[in-house]
Amino acid sequence: NIIFVTGNFFEPPPVEITIKGREAIINYFKALEGEEKPLNEVKVLLVGDGGAGKTSLVKRIFGEKVDGNESQTQGINIRKWVVGNGESEIKANFWDFGGQEIMHATHQFFLSKRSLYILVLDGRKDEKPEYWLKLIENFGGDSPVLVVINKIDENPAFELNRKFLREKYPSVRGFYRLSCKSGEGAKEFSNILVKELKAVKHLEIKWPKSWFNVKSKLEIMCPNYTSDFGVEGECEHCSFIQYNKYKMMCDEEGISSASEQNTLVDFLHDLGVILHFRDIPLLNTHVLEPEWVTNAVYKLVNSKEIAESRGVLKLDMFAEILKQRTERDFYYPPDQYGFFISLMKKFELSYELDGNTVLLPGLL
Ligand code: GDP
Ligand code: MG
């Protein structure tokens, strides 16, 4: 009662499968194909006010020179870091957000669960760490938070109420005083960071091969994609895909139940592979390129059209505001305008006046 397949033998499938016929048996073996592997990947988010030293800290961690001439980060800069962990490796993707105040609001879209946060504070100023800690608490679930007190070269006396903050925000793992400029404390922090990365809970979760396959297919589709070997994927590049396309990709990999597809979407969102909010049923857009979203919101919020209408945004204004002005501009098809309305409502950047009209209170 053993089935031979190209020289290997397997236990026969359960009866429930065999009675369903040949195709069910093939699917069964397909699902067993390739063992499961731990995910071993984590998204690391650097948050804090513009000028606090986020980009300088990333440079220190990557062993690069911090020359004091860091130019303001534009948009979102994602960098990959690989850390050895016994026999295996951990991939850490650092998300460094640009500094403009206006963009704080759009950073919220990317604050994910199952991630690791580094909050960078400028030790020269009277910082308000609670603004950031609350934000992380709201969006980050129980992700660990490392609080960096930077620029101790200029203000060695600066301190926070650590006991109070630790009790109020239990996700805070520790406080680290350092100077990205002089390098003091930076090596120690990198060592702690590696330790904390290894302790991230979800790294251990076993992923079936089919999940990894969907993940890499999506990654290759993103226009920013460069593989670990610097080779570009040969594939149509797109900034976003519709839910149906995602579903098709899952089906091709034998991930056919809606619940499994949803579980995978949540993981992919937390890893930063896609941006997708399952709690908004209307949103069936899966965003592959973060800047496709931030750029549109930035254009909307800063548009002279909305300033002139005192914050009122109507659906029929989108085409003008989001139109491509240069060849390098992102393209926003009209059927995506609703996505941005829902997104801005979800994050309370705008309020609905009627079906086709929202109000952007920041512009009143
Ligand atoms: P970001 O906006 O949070 O990414 O901050 P940057 O990394 O761009 O740093 C803002 C400015 O602070 C730059 O001019 C840095 O050179 C400077 N800076 C960063 N770290 C330190 C530090 O430890 N000490 C001092 N004195 N300046 C620093
Ligand atoms: Mg920066």
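Placing unit charges on C-beta atoms (Lys and Arg positive, Asp and Glu negative, everything else neutral), compute the dipole magnitude of region 289-364 about its Cα centre in debye, rounded to 20.
Using only the charged Cβ atoms, the result is roughly 160 debye.
Put a dot 7 Å past each Cα toward the Cβ at Asp266 and Tyr351; how far apart are the dots in nm?
Between Tyr351 and Asp266, the label points sit 3.2 nm apart.
Translational D (Stokes-Einstein, µm²/s) of region 155-228 at 10 °C and 1.306 mPa s when Rh comes from the Kirkwood sum over C-alpha pairs?
It diffuses with D of about 96 µm²/s by this estimate.
Can you pull the three principal axis extents for the Cα set of region 244-361, in Å, largest first?
Largest first, region 244-361 extends 51, 33, 22 Å along its Cα principal axes.
Label-point separation (nm) for Lys65 and Asp329, each offset 7 Å from Cα along Cα-to-Cβ?
3.9
Give the long-range amide H neighbours of Val172: residues separated by 5 or more places, or on another chain, with amide H under 5 Å away, using H modelled in the peptide plane at 1.01 Å from N.
For Val172, the qualifying residues are Val145.
Amide H to amide H, which residues 5 or more places from Glu154 or on other chains are under 5 Å from it, using H placed in the peptide plane?
Sorted by chain and number, the residues that satisfy this come to none at all.
Where a number appears in this text, it was derived from the coordinates with a stated rule and is not lab data. Treat the numbers as computed from the prediction; the structure is a model and nothing was measured. Cβ coordinates were reconstructed from backbone atoms using ideal geometry, including for glycine residues, and neighbour counts include every protein chain displayed.
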